[in-house]
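The values are calculated or read from the model by the stated rules, or taken from the named source; none is laboratory data. What you see is a predicted model; the values in this text were computed from it and never measured. Quick reminder, even Gly has a Cβ in these numbers, built from the backbone with ideal geometry, and neighbours come from all protein chains shown. With ligands, DNA and RNA removed, areas are computed over all heavy atoms of the protein, side chains included. Shrake-Rupley method; radii C 1.70, N 1.55, O 1.52, S 1.80 Å.
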Amino acid sequence: DLSSVAFTSSIDSTYKLYIFKFIDINPATDGADWQFNGSIDAGSNYNVEKTTTSVKIYNAESSGTPAIAYDTTNDLATSTAYKSLGMDIGNGADESLAGTLWLFNPSDTGYLKHFYSTVTYSQSTGVESRYCGGYLKDSDDNIDAVSFKMSTGNFDGTIKMYGVG
């Protein structure tokens, strides 16, 4: 089990787009959130200011009513906190998270660094898909490292990074 995974090398001006794939991410602690943050100092600190938005789609295992909603509780406004990409993830053997995060032009020093993610995951009572987007606000520096972790406890699974463009 891992407490976090950080990509502290290979995020540079070689590519304009970095794609991170999450495969069977399973928290050790039931109800944990899957989170990410960026760094401008090769991973010494993960505290890049960001502004974000989030939409969720939920369907219960029981015959409940499916729902789609803008999730204001998961928004960040000029915050350095880790951004939750998936929330309240179950830790059962049949519960996990899968998805993708796209990070655009992290080495550009003239613009904000935009990102968006799509994830689907199991909770104890159903399945949720979440769509998050926003920007990392540091336009003067390049984002050269990215960290992923659970809001509490460890996790297992696979994270792959690809450079495109």
For this session: Please list, ordered by first then second residue, the pairs with beta carbon atoms under 6 Å, 6 or more apart or interchain, first in segment 28-39 and under 17 Å from Gly99 (Cβ atoms), second open to solvent by 30 Å² or more (accessible area, probe 1.4 Å) and part of a strand (DSSP E or B).
Result: Asp33/Met87; Gln35/Lys149
Problem set entry | Extreme residue, surrounded by the fewest Cβ atoms within 10 Å (Cβ to Cβ), among residues of segment 124-164 that are over 17 Å from Tyr18 (Cα atoms) and among the hydrophobic types (A, V, I, L, M, F, W, C) | Val127
Seminar exercise, completed: Of the residues in segment 7-31, those that are part of a strand (DSSP E or B) and surrounded by fewer than 16 Cβ atoms within 10 Å (Cβ to Cβ) come to Leu17, Ile19, Lys21, Ile23, Asp24
Seminar exercise, completed: Ala81: passes all of (1) open to solvent by 30 Å² or more (accessible area, probe 1.4 Å); (2) without any contact (Cβ under 8 Å) to a residue 60 or more places away in the chain; (3) assigned to a strand (DSSP E or B) but (3)
Problem set entry | Close pairs from segment 121-134: first without any contact (Cβ under 8 Å) to a residue 40 or more places away in the chain, partner open to solvent by 20 Å² or more (accessible area, probe 1.4 Å) and part of a loop (DSSP other than H, G, I, E, B), Cβ under 6 Å, at least 6 apart | Ser122/Glu95
For this session: Looking only at segment 113-123, decide whether some residue is part of a loop (DSSP other than H, G, I, E, B) and surrounded by fewer than 15 Cβ atoms within 10 Å (Cβ to Cβ).
Result: no
Exercise. Among the numbered criteria (1) in a strand (DSSP E or B); (2) open to solvent by less than 10 Å² (accessible area, probe 1.4 Å), which single criterion is violated by Pro106?
Worked result: (1)
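Against the definition (among the β-branched types (Val, Ile, Thr) and over 29 Å from Thr8 (Cβ atoms)), how does Thr78 come out, yes or no? Steps first, answer last, please.
Details: among the β-branched types (Val, Ile, Thr): yes; over 29 Å from Thr8 (Cβ atoms): no.
In short, no.
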For this session: Enumerate the pairs (first residue in segment 95-118 and closer than 23 Å to Ala28 by Cβ and at pLDDT below 95; second residue anywhere and hydroxyl-bearing (Ser, Thr, Tyr) and surrounded by fewer than 17 Cβ atoms within 10 Å (Cβ to Cβ)) with beta-carbon separation below 8 Å, excluding pairs fewer than 6 apart on the same chain, so at least 6 apart or on different chains.
Result: Glu95/Ser124
